[in-house]
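Below is one structure, written out as structure tokens; comments come after it.
Only the coordinates and a few stated rules stand behind these numbers; no lab work does. Fair warning: this is a prediction, and the values are worked out from it, not measured in the lab. Every residue, glycine among them, receives a Cβ derived from its backbone with ideal geometry; neighbour counts consider all protein chains shown.
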Amino acid sequence: MSETFHPEPEPGPEAGRLGAAVERTARLLAYAGGVCLVFVVVLTCASIIGRAMLTLGLGLGPVPGDFELVEIAAGVGVFLFLPLCQLKRGHVTVDILSGWFGRRGVAVTDLVGNLLMSIVAGVILWRLVAGLQDKLQTGEESFILGIPVWTGYALSLVGAVSFLLVCLYTLRRSWAETSSAAAGNA
């Protein structure tokens, strides 16, 4: 029985000045997202240890507002990871039929996928801006720490804008790949 699965090589660095700038920015945002998630882990551990110390009568307790901070940091972290994930083709794809499509068919499906992802990124950004405006108008604050809720929206906006810009870049990249695949088949 022959093996037909041929995994794609790991995507290399982006070509050109624009590609290098997009990749550098996406990586920096992903690092910032990593910092957010490390903060979540450290805060959660500190809060759990504090709760255990309280139970043992050692006078410590949970970190006040820990769930509020985890909620904000995790949400912001996710948005900061999206640009690099899109750039490196890290989103889930179904490759069951790609062997039958050939190089041009795969390029076309990537183009369509990047177009749809660009639309989704635009909708996410649109709704995030609408949510930010609503939270700014209402002045809603978190229950325990009194953190203005709009701050989480504003920080997430950095990732959402970058995600849309990277989606548009990958759409452009897919267009070039589709064109070169078509020229290679001609």
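Report note on the peptides 24-32, 49-57: ranked by the mean count of other C-beta atoms within 10 Å, highest first, their order is 24-32, 49-57.
Subtracting the Cα-Cα distance of V161 and E71 from their residue separation scaled by 0.36 nm leaves 30.4 nm. Placing unit charges on the Cβ atoms of the charged side chains and taking the dipole of the chain about its Cα centre, the candidate lying farthest along the positive direction among L132, G90, I72 is G90.
Relative contact order for the stretch 21-185: what percent, with Cα pairs under 8 Å and sequence separation of 6 or more? In percent, rounded to a whole number, it is 30. Take the Cβ atoms of C45 and F143, set R0 to 25 Å, and the FRET efficiency comes out at 0.65.
Normalising by residue count, the stretch 126-186 has a Cα convex hull of 76 Å³ per residue. For E141, the residues whose amide H sits under 5 Å from its own are V149, ignoring neighbours fewer than 5 places away on the same chain, with H placed 1.01 Å from N.
Value of Rg to Rh for the stretch 39-186, rounded to two decimals, is 1.19; Kirkwood radius and Rg both from alpha-carbon coordinates. The gain in end-to-end length when the A176 to R89 segment is fully stretched comes to 29.8 nm, 0.36 nm per residue minus the alpha carbon separation. Phi angles of the stretch 45-61 translate, via the Karplus equation with coefficients 6.51, -1.76, 1.60 and θ = phi - 60°, into HN-Hα couplings of 4, 4, 5, 5, 5, x, 5, 5, 5, 5, 4, 7, x, 8, x, 8, x Hz per residue; Gly and Pro are given as x.
Residue-wise HN-Hα couplings along the stretch 78-93, as the Karplus relation 6.51 cos²θ - 1.76 cosθ + 1.60 with θ = phi - 60° gives them from phi, are 4, 4, 6, 7, 4, x, 5, 4, 5, 4, 8, 6, x, 6, 5, 10 Hz; Gly and Pro carry x.
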